[in-house]
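Let me begin by presenting the structure, written as structure tokens, before commenting on it.
The values are calculated or read from the model by the stated rules, or taken from the named source; none is laboratory data. Here the structure is a predicted model, which means the values were calculated and not measured. Positions of Cβ are backbone-derived with ideal geometry, glycine not excepted, and every protein chain shown enters the neighbour counts.
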Amino acid sequence: MRNAPFSLSLALERLDLPSWWREIDASPNWQRGVFDGLAVAYCCLATVALIQIIRIQLRVPEYGWTTQKVFHLLNFLVCGLRSGVFAFRAEVQDLPSTLLQAGLLDLPGLLFFSTYTLLVLFWAEIYYQARSLPTGSLRPAFVVMNLAVYAIQIGLWVFCSVSNSEGHSPQLGKELSGCFLAFVSAAAAFAFLLYGGRLWLMLRRFPIESRGRRKKLREVGLVTTICATCFLFRSIIVAWSAFDFEDADLDVMGHPLLNLIYYSGAEIIPSALVLYILRKLPPKRQAAGYQPIPAAQ
């Protein structure tokens with residue numbers, strides 16, 4: 001048996017796409033149709049998230065910015081940015097600033113990470129409270145983790161921009177950025193499995209007659225499965241694109257079919273499903289408060 005050296009980048013570069021895929025990639029009609037379709041899909045999701053914020057505000061205006069409202073606000077920002085970028089995809093690709101272009105293309109992905117790890121934080125707080133464990137460190141850890149992810153990614157954008165301006169090949173910067181985003185996505189998938197799984201098992205042990213147990217159990221199980229799968233899928237595609245610029249670069253107009261598959265599977269379909277599953281509004285607060293139990297006659 002021959003012991004030849006093997007690397008991930010070499011294996012990915014050897015992947016050869018079928019001829020029909022390349023024909024679609026080269027078609028201006030496909031490029032225009034796919035990116036316009038993605039812009040419309042993201043616009044629809046942004047509209048749904050905005051409507052949900054308005055409905056929650058009208059239902060319980062006194063609650064302020066709850067986790068549910070922030071989740072829908074972040075969804076609105078992610079989908080709104082994606083819609084704008086895809087609507088003006090050709091103009092974005094022609095931007096002279098590499099730093100600005102990278103920010104417009106990658107910032108929505110970072111916001112998507114923050115949006116859905118907010119669900120992980122919410123579930124972790126519920127789990128810790130149910131187990132009578134301290135929850136004071138969860139929110140600071142969430143903020144620090146997100147700030148660290150943004151700081152590292154901004155540093156990689158600057159590195160790519162400087163390398164490009166000095167005439168060096170930006171390939172190393174793109175590979176580092178892709179590997180980092182793939183790692184972050186894989187970590188998010190693990191977090192969903194960890195805390196979503198813990199919460200699901202805890203709910204499963206509740207008495208069968210508990211009110212809302214079956215619905216909440218199904219909700220946590222579905223959202224955990226959807227989010228873990230989409231982040232794992234995201235990690236795989238981003239890792240592939242980091243090493244195979246010819247066939248798997250997501251940041252060019254020439255790969256419409258890959259963009260359609262990636263953004264549909266990693267963001268559009270999961271977001272639509274989660275927004276539908278979590279569509280329930282909070283209960284109205286009773287204006288008169290709790291009424292005393294009448295004394296027996």
- Query: Among (1) out of contact with any Lys or Arg (no Cβ under 7 Å at 6 or more places or on another chain); (2) touching a residue at least 24 places away in the same chain (Cβ under 8 Å); (3) exposed (fewer than 14 other Cβ atoms within 10 Å of the Cβ); (4) closer than 21 Å to Leu278 by Cβ, where does Arg59 come up short?
  - Reply: (1)
- Task: Mind checking which helices (runs of 4 or more DSSP H) fall wholly inside segment 138-252 and carry at least 1 residues that are touching a Pro at 6+ places or on another chain (Cβ under 7 Å) and either surrounded by fewer than 16 Cβ atoms within 10 Å (Cβ to Cβ) or modelled with pLDDT under 90 (or both)?
- Result: 138-165
- Message: Can you tell me which residue is modelled with the highest pLDDT among those in segment 49-69 that are β-branched (Val, Ile, Thr) and within 24 Å of Glu125 (Cα to Cα)?
- Response: Ile53
- Task: Being within 17 Å of Leu45 (Cβ to Cβ) and either of a type in the set (Phe, Trp, Tyr) or not in a helix (DSSP H, G or I) (or both) is the filter here, so list the residues in segment 106-133 that pass it.
- Result: Phe112, Phe113, Tyr116
- Note on the structure: When Arg131 is run through (1) more than 23 Å from Ala186 (Cα to Cα); (2) under 15 Å from the mean Cα position of the chain (by Cα); (3) surrounded by fewer than 21 Cβ atoms within 10 Å (Cβ to Cβ), the failure sits at (2)
- Here the qualifying pairs (Cβ atoms under 9 Å; residues six or more apart or on different chains; first in segment 116-142 and within 24 Å of Leu73 (Cα to Cα) and basic (Lys, Arg); second surrounded by fewer than 18 Cβ atoms within 10 Å (Cβ to Cβ) and modelled with pLDDT under 95) come out as Arg139/Glu125
- Return the residue satisfying two criteria in turn: it lies in segment 268-297 and is polar (S, T, N, Q) and in a loop (DSSP other than H, G, I, E, B), and of such residues it is modelled with the highest pLDDT. Gln286
